[in-house]
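Report on the following structure.
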Amino acid sequence: MEDTYRSYLELLETLRTKIEALSELSKKKIEAAEKDDLMALNEVIKQEQALSLAFRGLELSREKLQKEMGIQEIALSQLESRYPLEMRENARQAVAALQEEYQSYQGVAKTARGVLEHNLYEVERVIASMGGAAAETSQDAAPKAGYARPAAETVAPPPPSMRTDFRA
């Protein structure tokens, strides 16, 4: 059983390092957005997607370990009290480090989101000033970033060479 407790602490440390990596990617995202470097931004987003897959695997491991330890319904802040006495300090440190890293990530991610939203609004403004169609917004909600799809009647049909006869 002690191995299960140690494995769970290792899992928490792995989660902390993955969140730290997300923080670094968010910082790179901010830099790329500020430099208008879409290629770098695209690369950062791909790396974030790869990390999200790693998080899915960690989630499955976490659920398995929690079930073995009988702590499925226990909040992270209460984890220390469920550990054996000789391991409680290690559990407290692991939880504190994970929570601190997560708080740091939330701040950086919020900044990154703000920078990206600002840039998207700026792009929409430039498109609208050039005579392009701005994204439609509802009266209830604030304007959202994005592009409006052209109305069906304004879409040109494909050229004859690209059409397929499905009756054959």
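Does segment 30-44 contain at least one residue that is among the β-branched types (Val, Ile, Thr) and over 30 Å from LEU116 (Cα atoms)? Within segment 30-44, none of the residues are among the β-branched types (Val, Ile, Thr) and over 30 Å from LEU116 (Cα atoms). For segment 80-132, residues that are free of Cβ contacts under 8 Å to residues at least 60 places away in the same chain and in contact with a helix residue (DSSP H, G or I) (Cβ under 6 Å, 6 or more places away or on another chain) total 3. Does GLU73 meet the test of being acidic (Asp, Glu) and either in contact (Cβ under 8 Å) with a residue 12 or more places away in the chain or assigned to a helix (DSSP H, G or I) (or both)? Answer is no for this residue. Filtered by the rule that a residue be over 22 Å from LYS18 (Cα atoms) and either among the β-branched types (Val, Ile, Thr) or surrounded by 13 or more Cβ atoms within 10 Å (Cβ to Cβ) (or both), segment 81-115 gives ARG82, TYR83, MET87, ARG88, VAL115.
Quick check, is LEU38 buried (at least 17 other Cβ atoms within 10 Å of the Cβ) and either of a type in the set (A, V, I, L, M) or more than 22 Å from LEU58 (Cβ to Cβ) (or both)?
On the way: buried (at least 17 other Cβ atoms within 10 Å of the Cβ): no; either of a type in the set (A, V, I, L, M) or more than 22 Å from LEU58 (Cβ to Cβ) (or both): yes.
Criteria not met by LEU38.
Read the figures in this text as sums done on the coordinates, not as results from a lab. Because the structure is predicted, anything quoted here is derived from the model rather than measured. Cβ: placed from backbone, ideal geometry, glycine included. Neighbour counts: every protein chain shown.
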